[in-house]
Amino acid sequence: MSEPTERELAFVDEVAVFFEDEGLPLIAGRVIGWLLISDPPEQSAARLAEVLQVSRSSIGTATRMLTPSGLVEGVRKRGHRQEYFRIADDGWSRMLERRYALATSFREVTERGLAALEDASPERRERLANVHELYGFLEKELPAMLRRWRERDEEDTP
């Protein structure tokens with residue numbers, strides 16, 4: 001296992017800032033960044049802590065946050081007691097599917113909000129109606145985009 005270069009660490013930090021802007025803690029973004037380029041792809045918590053120069057507990061917190069989305073997965077290697085982490089083969093798609101499901105959930109929330117405001121003035125309902133319309137659009141369009149992505153992937157497979 002070689003040590004990461006300064007350019008690699010700069011990339012990891014750039015990924016971290018991107019995901020921090022998306023609402024994730026910086027360390028979770030750094031874990032994603034390193035797992036995108038690490039060799040081997042599977043990294044132990046100890047190795048992640050060493051490379052990213054953070055505590056093991058920070059790594060534990062970050063990996064517990066990242067695994068439910070499906071982007072990062074924990075794997076076990078025969079003969080090893082420790083768990084290793086990697087970007088799942090279809091992790092990006094699974095993470096996006098989860099976000100798409102949230103579009104449906106939030107559209108349903110806005111629908112209930114519009115029902116609660118049924119007697120309100122159109123001006124008062126307008127902001128919520130716009131959000132409702134946007135999330136309805138996303139609910140319909142996002143799965144089709146993901147389907148086209150997967151079809152593209154299947155076309156490239158011999």
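The values are calculated or read from the model by the stated rules, or taken from the named source; none is laboratory data. Every value quoted in this text rests on a predicted model; they were computed, and no experiment measured them. All Cβ positions, even for glycine, are placed from backbone atoms using ideal geometry, and neighbour counts span all protein chains on display. In case anyone asks, the SASA skips ligands and DNA or RNA and just uses the protein heavy atoms, side chains included. Shrake-Rupley method; radii C 1.70, N 1.55, O 1.52, S 1.80 Å.
Within the range 99-110, does at least one residue satisfy the condition of being among the small types (Gly, Ala, Ser), farther than 14 Å from SER44 by Cα and touching a Gly at 6+ places or on another chain (Cβ under 6 Å)? Write out each step before concluding.
Here is the first cut: in the range 99-110, the residues among the small types (Gly, Ala, Ser) are 101, 103, 105.
Checking the rest, the ones that are also farther than 14 Å from SER44 by Cα come to 101, 103, 105.
Imposing the further condition that a residue be touching a Gly at 6+ places or on another chain (Cβ under 6 Å) reduces the set to none.
No, every residue in the range 99-110 fails to be among the small types (Gly, Ala, Ser), farther than 14 Å from SER44 by Cα and touching a Gly at 6+ places or on another chain (Cβ under 6 Å).
Could you check how many residues of the range 135-150 are open to solvent by 90 Å² or more (accessible area, probe 1.4 Å) and more than 21 Å from the chain's Cα centre (by Cα)? Give the derivation first.
First, the residues of the range 135-150 that are open to solvent by 90 Å² or more (accessible area, probe 1.4 Å): 137, 140, 145, 147-149.
Still in the running and more than 21 Å from the chain's Cα centre (by Cα): 137.
Residues in the range 135-150 being open to solvent by 90 Å² or more (accessible area, probe 1.4 Å) and more than 21 Å from the chain's Cα centre (by Cα): 1 in total.
Which fully enclosed helices (runs of 4 or more DSSP H) of the range 1-116 have 1 or more residues being over 30 Å from HIS132 (Cα atoms), in contact (Cβ under 8 Å) with a residue 40 or more places away in the chain and open to solvent by less than 60 Å² (accessible area, probe 1.4 Å)? Explain how you work it out, then say what you get.
Working: elements: 6-21, 26-37, 45-52, 56-66, 91-116.
In the range 1-116, 6-21, 26-37, 45-52 are the helices (runs of 4 or more DSSP H) which contain 1 or more residues that are over 30 Å from HIS132 (Cα atoms), in contact (Cβ under 8 Å) with a residue 40 or more places away in the chain and open to solvent by less than 60 Å² (accessible area, probe 1.4 Å).
Can you name the number of the only condition in (1) without any contact (Cβ under 8 Å) to a residue 40 or more places away in the chain; (2) open to solvent by less than 30 Å² (accessible area, probe 1.4 Å) that SER121 fails?
It is condition (2) that SER121 fails.
Please go through the range 62-90 and pick out each residue that is in contact with a helix residue (DSSP H, G or I) (Cβ under 6 Å, 6 or more places away or on another chain) and small (Gly, Ala, Ser).
Selection gives ALA62, SER69, GLY70.
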